[in-house]
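The structure under discussion appears below in the form of structure tokens.
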Amino acid sequence: MPSFKVRDLDIAVTFRDVVLLPGYTSVEPREVDLATKVTKRRELSVPIVSSPMDTVTEAEMAIAMARLGGLGVLHRNCTVDEQVEMARTVKRAESFIIRDVVTLTPDQTVGDALKIMEAKSISGLPVVDSEGRLVGIITRRDVAFAEDLSAKVAEVMTKKVITVGEDITVEEAKRIMRKHKIEKLPVVDEKGFLKGLITMKDLVSRERFPNASRDEQGRLLVAAAISPFDLERAKRLDRWMDILVMDVAHFHNENCISAAAKLLKEVSAEVIVGNIGTYRAAEDVITKLEGVAGLRVGIASGSICITGEVTGVAAPTLFAVMEVARALHDYGADIPIIADGGIRSSGDAAKALAAGASAVMCGFLLAGCKEAPGAPVVVGGKMYKYYRGMGSPAARAKRFAKDRYQQPAKEIAEGVEGLVPYRGEVATVLRELIAGLQASFGYVGARSIRELWEKARFALITPIGRQEIGGHDIIPMERTP
Ligand code: XMP
């Protein structure tokens, strides 16, 4: 018999159903610290994560997000090799000592050197002998005017190379590079074997992005999406990734949970699990899975999502966060929640954090940025970028062609595609989101996300009230997105 429980229906509130109430405050927005934990171990200075979608996060977005203190999650709508290459690009983007150094051998040609420099966008290559001992260095300057591309690297390389040992400090490296006016500083062991490379570009970037999210080696932090059923992909990525993020629409599923249990034992990266949307789902994840580092929460709120329409099923992000936060509280589990889907403004992000999230995941807000994949398009004199759901027909078509592990689990599309306004650089968008969040915390009287959890109070708002708290009754001028 069907269950008729209309009397004790849950109320699945969404962002625009509620407001945060102002509280007694002594907090100025600029005093607000948005530092957070995105997993049990990893901290971010900005609680914003970019969605693993093929129109949102590839290497360029992940690099930008990490530099600005957030985190990018690389999408998986590509081959394993392509996803690993994106991860390597982010990890190579900067570090104190680059370990994954691209090198040449003396018998390669100037043409080879130029090709590698071009393909990998690097300007200097250490030259090593067949055993890995450093014998020289070649920079763009050495090859830029070369007339004979078939000349051997050995003929044009600088042989007297200034090197340092592995115990070098950042300050000392800077001093040496300035003194000798060099931009690359190879790191060698006592026998002369190449152990790494320090570049001026990376040292400058450290100063330029002091709040960047970095790993222990000073490389940018990055995450990648995986399926619980694709152990091979997870293992291949594990070597490069700090965080792996489960990428399933409905993780509260027996098969997903048992596959994830196996996967969690096989990888060393921290694993964020999701998406989930209810108290029961959180309860099952906490009690059935060991080693979960974060929870991705919210079902069917995404701007490109039609799951709710197609299936009638949804756990809107705000409601889902409240449910999961309650379960974590009841079980005394300290696992960060990432609120995923439906966030259109800093106000929505503030509500998600106030409900118990540690960070928000954004697709819509970031898809219009320069760093998202794809070029802007001009329609009617305005600039837009293409944005699509990962369950849209177009995204599904690509996935099935490329990845044999991702079988069509469902016969129906649960996502749509369209255009979003072009928003320029992600730095500008994040700056606005941060300023909006800080102002919101100021109204509530919270200096940090933890304080927000304690102090925030929500009130339901009627549709008429919602109209009133937006701009109203005037003919609006064009607003920059
Ligand atoms: P926003 O609102 O930021 O949401 O655009 C992004 C999130 O939406 C999810 N996502 C989808 N959900 N069908 C869905 O039901 C889809 O095709 C789809 N694509 C992405 C995902 O959680 C993402 O972070």
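Readers should treat all values here as calculations from the given coordinates under stated rules, not as data from a laboratory. Everything quoted here is computed from the prediction, not taken from an experiment. Glycine also receives a Cβ, built like all others from the backbone with ideal geometry; neighbour counts cover every protein chain displayed.
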Distance cut-off 18 Å, Cα to Cα: go down the list K160/K191; K91/K195; K159/K181; K120/K184; K40/K351; K152/K201 and report the pairs above it.
K40/K351; K152/K201
Under 24 Å from K382, Cα to Cα: lysines that are on another chain or at least 8 residues apart
K370
With +1 on the Cβ of every Lys and Arg and -1 on the Cβ of every Asp and Glu, and nothing else charged, how large is the dipole of segment 174-325 about its Cα centre, in debye rounded to the nearest 20?
1280
Loop-resident sites, segment 197-235, for GluC sites (Glu not before Pro), counting at most 11 other Cβ within 10 Å (DSSP):
E216
I'd like the distance separating the alpha-carbon centroids of segment 292-309 and segment 44-112, in whole Å.
25
I'd like the Karplus ³J(HN,Hα) series for segment 318-325: coefficients 6.51, -1.76, 1.60, θ = phi - 60°, whole numbers in Hz, and an x wherever there's a Gly or Pro.
5, 4, 4, 4, 4, 4, 5, 4
HN-Hα J couplings of segment 277-283 from phi, Karplus 6.51/-1.76/1.60, θ = phi - 60°, integer Hz, Gly and Pro as x?
x, 9, 4, 4, 5, 5, 4
Long-range amide H partners of I299, meaning residues 5 or more apart or on another chain whose placed amide H is closer than 5 Å, are A315, T317
In deg cm²/dmol, rounded to the nearest 500, the helical mean residue ellipticity at 222 nm of the chain, built from -39500 (n - 2.57) for every DSSP H run of length 4 or more, is -10000 deg cm²/dmol
Stretched out fully, how many nm does the piece from E171 to R431 gain, at 0.36 nm a residue minus the Cα gap?
90.6 nm
Distance between the C-alpha centers of segment 147-198 and segment 9-41? Whole Å please.
49
Once you keep just the Cα pairs under 8 angstrom separated by 6 or more residues, what percentage relative contact order results for the chain?
21
Gained length - Y24 relative to S150, 0.36 nm times residue gap less alpha-carbon distance:
38.0 nm
Diffusion coefficient in µm²/s returned for the chain by Stokes-Einstein, Kirkwood Rh over C-alpha pairs, 4 °C and 1.567 mPa s, is 53
How large is ³J(HN,Hα) for each residue in segment 301-312, as worked out from phi by the Karplus curve 6.51 cos²θ - 1.76 cosθ + 1.60 (θ = phi - 60°), to whole Hz, x for Gly and Pro?
8, x, 5, 9, 9, 10, 3, x, 6, 5, 10, x
Exposure proxy check on K455, K115: fewest-to-most Cβ neighbours within 10 Å is K115, K455
Among P106, V429, A212, whose Cα sits farthest toward the positive end of the charge dipole of the chain (+1 at Cβ of Lys/Arg, -1 at Cβ of Asp/Glu, about the Cα centre)?
P106
Segments 342-355, 259-272 sorted - mean Cβ within 10 Å per residue, highest first:
342-355, 259-272
List the residues of segment 414-450 whose backbone N lies under 11 Å from a point placed 7 Å from the Cα of D33 along the Cα-to-Cβ direction.
447-450
The exposure ranking of L318, L114, L194, L244, fewest beta-carbon neighbours within 10 Å first, is L114, L194, L244, L318
Treat every Asp and Glu Cβ in the chain as -1 and every Lys and Arg Cβ as +1, leave all other atoms uncharged, and give the resulting dipole magnitude about the Cα centre to the nearest 20 debye.
520
Taking N as the number of residues in segment 191-295, the ratio of its alpha carbon radius of gyration to 2.2 N^0.38 Å works out to 1.36
Selected from T163, L452, T36, residue furthest toward positive end of dipole (the chain; charges at beta carbon)
T163
What full-extension length gain, to one decimal in nm, is calculated for S258 and I461 as 0.36 nm per residue of separation minus the Cα-Cα distance?
69.0 nm
Can you list residues whose amide H is under 5 Å from C362's amide H, if they're 5+ apart or on another chain and H is modeled 1.01 Å from N?
V49, S50, S51
Which of M117, I475, P52 sits farthest toward the positive end of the charge dipole of the chain, with +1 on the Cβ of Lys and Arg and -1 on the Cβ of Asp and Glu?
M117
